[in-house]
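Report on the following structure.
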Amino acid sequence: MRFSLRIKLTLVALLLLIIPLIGFRFSEIITRDLVESREETLLFSARSVASALAGRTGLLDQELFHSLNQSRDLYLFQLTNPIRLNGKSDDWMPQLLEAEAFAEEHLLRSTVPYRYDSLHFKHMLGVRGEYVYAIFIVTDDKVIYRPPHSLGIARADHLQIGIEDQNGKLHRYVVSTTKPGWVNGYLMPENPADSLPIKLERRIQGVWAETLDGYVIELRIPRDLIGDRFAFAIADVDDPVSREVTTLIGTANPESPEKLGWLLSPSKTIESILSSLDRPQSRILIVDSNQRVRASHGNLNPEAEQPDIKNSNLIGRVSDGIFAVLEPLYKLFTTPFTDEFKTPVAMPTTLDISGVKEALQGKESISRYRIAEGQVEIMAAIAPLTEDRKIVGAVVVEQTTNSILALQNKVIEESLSFSILAFCIGGFGLLFFASRLSSRIRLLRNQAADAITDTGQINNTLQPSRARDEIGDLSRTLNSMLHQLKEQSDYRETMADNLEHEMRTPLAGISASLKNISGEIENPPERIRNYLEWALSDVMRLEQLLGAIRDATSLQEALNRDTHEVFNLHQGMQVWLEHSWRPAFPETEFVYQHHGQDIMVLGDPGHIRQLLDKLIENGVSFHAEGTAIEIGLGLSISEKEVILTVANQGPTIAEEMRGQIFNTMVSRRAKSDTKPHLGLGLYVARTITVHHGGTISVNNLTDGRTGVVFTIQLPLVQ
């Protein structure tokens, strides 16, 4: 493939694409360093928070971080929605997704083999305002209500609640009903053997709603009625006759004070301490050994952005316009992120559980997670929380990676913008330079091509460039070379005339002297006679050469004096072939091919015949023995020119000789040829052809044979 200078320099301009690659690499390095710095900063913050909390003697013990039991302790969620006691769970979302399931692993008592489809449920405790809310979503294959007006409230499906008040005293309550609807709690005696209720506790309010596979109990209890310990259990009655409790599932036996679980809730004391350690756009979480979030402070929401102020100056508007145009390109290489996300409720599932577990084993870790698909990535540093050399929880410090991504994207955008700008400027500059350079080279090429004709004549010289560069030096060098070649060509063309003029007088004297010697000597010896004959023969040969030189040198003057006439070239070719060429070369076969129609040309018939004589003599000299000289006459495709060809089989012509063979004093004949040849025949043929407004060329045969063909194109008279 041939590539122009424009294409080559355009390809070179592609090297400017290294700039964005360097920008991408630079952004990767910046991002890596920023991530490492952010990780170290977050870990340092997590260690600082852990040290601050551990330095408060008795704080963690006071906030129930010690001796926790995951199966009995209950977590008090912060409810985000107002709760309506209607037996429906929609207002418990999204916290209800974290409701704990109770089944065989929480079995307290059973008189029959446990079946999962017989009884299991989900439970959640939450606080909002001055009330504690509880929901129990129970799956029960047989729902048994207590009979109306019956005091045996425990002889049906019911809920048992054990509450330790703020004074440390245990209170037992039972929630049962005769039918779905509004319910209250019944205060039970301290002695578990007594099954009759003491009174109806109206402060414990709720709704019992029946479902397709069981029922839902939704309760509301005043916060001041509950102390620090709490337990509950669902009792299942399947036989409506005996009404005996067959299965009891819950966190602990509400009848035993020592088995009640701790009621865990976010610590206001710890959160006040965390507020003094506030970090912008970060969140600090304190997790206990049960992976429950016990305190949190801060948020991950970005600060409110200042409204964009449109640029009023020209540079600012241009910059904004470039950014708007290239924004689709930026999206292909940058990492998209969003500032909009929902801050999750403080639940263990919002954290990397494996990272929390590692911290509870005494190992620091860095984890990353996303709250939801398409939302921001959060980086969390997790450090163990210790007291008295015992790990009681973990400290989690979180931040989003938006600032890192924003800086990375900015570097990429600036790299792309600079690269495109540099590529456009550099590419345009290189393209302009290539166009200028190629135009100068093309001009020099055209001048060099026009300086030498197809026949090898030098008709003019170059216009040397004044530019002081390599192309200017080349043009001046070529001009000097052509000038010297033209001088040599002119000298060679005039040399023959000078040679003929200078040699004719002494040659005539030599010829006369030889003749006088031959006349003075009577009866010379045979050896002397042979010498004289040889000398006279050589003199005659020199005279023939000088005659040929005289004809060639005087040809241009003769052409200028002749008169052109319109004649039938086809008839002339037939006459010359029969009366001149065949008699002159009887041993050579001639083949004449023509269209059989008259072809009229304007010119001198004598000189046209002289032209053809030279070509015929050349063809006979080089043709292979036994082959014919092929002469052709016809019209061009446009029918505006006469095409005349003379072909012979024999040696071919070298490519480098095609432009020189028509010059004067150029001959390719063998040195053993005894006939006088000065390389003037084809020069004469070219001169006559050019004088008649035509062209002459030579080529090798292309039909599978070896040899050459001379082609002459002459104007056709319409």
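The values are calculated or read from the model by the stated rules, or taken from the named source; none is laboratory data. Quantities reported herein were computed from a predicted structural model and do not represent experimental measurements. So basically every Cβ, Gly included, is an ideal-geometry build from the backbone, and we count neighbours across all protein chains shown. Side chains are part of the model used for accessible areas, which takes the heavy atoms of the whole protein and leaves out ligands, DNA and RNA. Shrake-Rupley method; radii C 1.70, N 1.55, O 1.52, S 1.80 Å.
Would you mind computing Rg(Cα) / (2.2 N^0.38 Å) for the range 122-240, counting N as its residues?
Numbers: Rg = 13.8 Å, N = 119, 2.2 N^0.38 = 13.5 Å.
Dividing the Cα radius of gyration by 2.2 N^0.38 Å gives 1.02.
Could you rank the peptides 237-245, 709-717 by their average count of other C-beta atoms within 10 Å per residue, with the highest value first?
Numbers: 237-245: 14.2, 709-717: 18.4.
The most tightly packed comes first, giving 709-717, 237-245.
Hey, can you rank 108-121, 43-56 by average C-beta count inside 10 Å, highest first? Intermediate values should be presented prior to the final figure.
Working: 108-121: 15.1, 43-56: 17.6.
Going from most to least packed, we get 43-56, 108-121.
Step through the residues of the range 199-205 one at a time and calculate ³J(HN,Hα) from phi using the Karplus curve (6.51 cos²θ - 1.76 cosθ + 1.60, θ = phi - 60°), rounding each to whole Hz and writing x for Gly and Pro.
Once θ is set to phi - 60°, the couplings for the range 199-205 become 7, 8, 8, 6, 6, 8, 10 Hz.
When Rg is the radius of gyration of the Cα atoms in the range 179-267 and Rh is its Kirkwood radius, what does Rg/Rh come to? Kindly include the intermediate steps, with their values, before the conclusion.
Details: Rg = 14.7 Å, Rh = 15.2 Å.
Checking Rg against Rh, the ratio lands at 0.97.
Applying 1/(1 + (r/R0)^6) with R0 = 22 Å to the Cβ-Cβ distance of Glu36 and Gln78, what FRET efficiency is obtained, to the nearest 0.05?
Working: r = 35 Å, r/R0 = 1.59.
Using R0 = 22 Å, I get an efficiency of 0.05.
From largest accessible area down, sort Phe432, Phe77, Phe423; use a 1.4 Å probe on the protein chains. Spell out each step's value before the answer.
Values: Phe432 140, Phe77 10, Phe423 65 Å².
Accessible-area ranking of Phe432, Phe77, Phe423, largest first: Phe432, Phe423, Phe77.
Ignoring ligands, DNA and RNA, what percent of the 1.4 Å accessible area of the range 66-207 is carbon and sulfur?
Details: 3610 of 7200 Å².
That share works out to 50 percent.
Taking amide H positions as placed in the peptide plane 1.01 Å from N, state which residues far from Val132 in sequence (5 or more) or on other chains have amide H under 5 Å from it.
Amide H neighbours of Val132: Ile221, Arg223.
What's the FRET efficiency of Glu526 with His594 using the Cβ-Cβ distance as r and R₀ = 56 Å, to the nearest 0.05?
Working: r = 55 Å, r/R0 = 0.99.
Here the calculated transfer efficiency is 0.50.
For the range 704-718, list residues with backbone N below 15 Å from a point placed 7 Å from the Cα of Thr695 toward its Cβ?
710-716
Rounded to whole Hz and in sequence order, give me ³J(HN,Hα) for the range 96-102 from the Karplus expression 6.51 cos²θ - 1.76 cosθ + 1.60, θ = phi - 60°, writing x for Gly and Pro.
My calculation for the range 96-102 gives 4, 4, 9, 4, 8, 8, 10 Hz in order.
Name the residues whose placed amide hydrogens come within less than 5 Å of the amide hydrogen of Glu100, ignoring near sequence neighbours (fewer than 5 apart) on the same chain.
His123
With every protein chain left in place and a probe of 1.4 Å, what is the accessible surface of Val566, to the nearest 10 Å²?
Rounded to the nearest 10, that gives 80 Å².
Test of the criteria: in the range 584-649, which trypsin sites (Lys or Arg not before Pro) are in a DSSP loop and have at most 15 other Cβ atoms within 10 angstrom of their Cβ? Please report the intermediate quantities before stating the final value.
Working: sites: Arg609, Lys614, Lys640; in loops: Lys640.
Listed in order of number, the matching sites are Lys640.
With r defined as the distance between the Cβ atoms of Arg582 and Leu11 and R0 fixed at 60 Å, what FRET efficiency is calculated, to the nearest 0.05? Show your work: numbers first, answer last.
On the way: r = 64 Å, r/R0 = 1.07.
Taking R0 as 60 Å, the efficiency between Arg582 and Leu11 is 0.40.
Counting only protein chains, not ligands or nucleic acids, how are Ser27, Ser638 ordered by accessible area (probe 1.4 Å), most first?
Values: Ser27 0, Ser638 75 Å².
These residues rank, largest area first, as Ser638, Ser27.
Rounded, prolate or oblate: which fits the range 565-622 when a ≥ b ≥ c are the square roots of the eigenvalues of the alpha-carbon gyration tensor, with rounded for a/c under 1.5 and prolate only if a/b beats b/c?
Verdict is prolate for the range 565-622.
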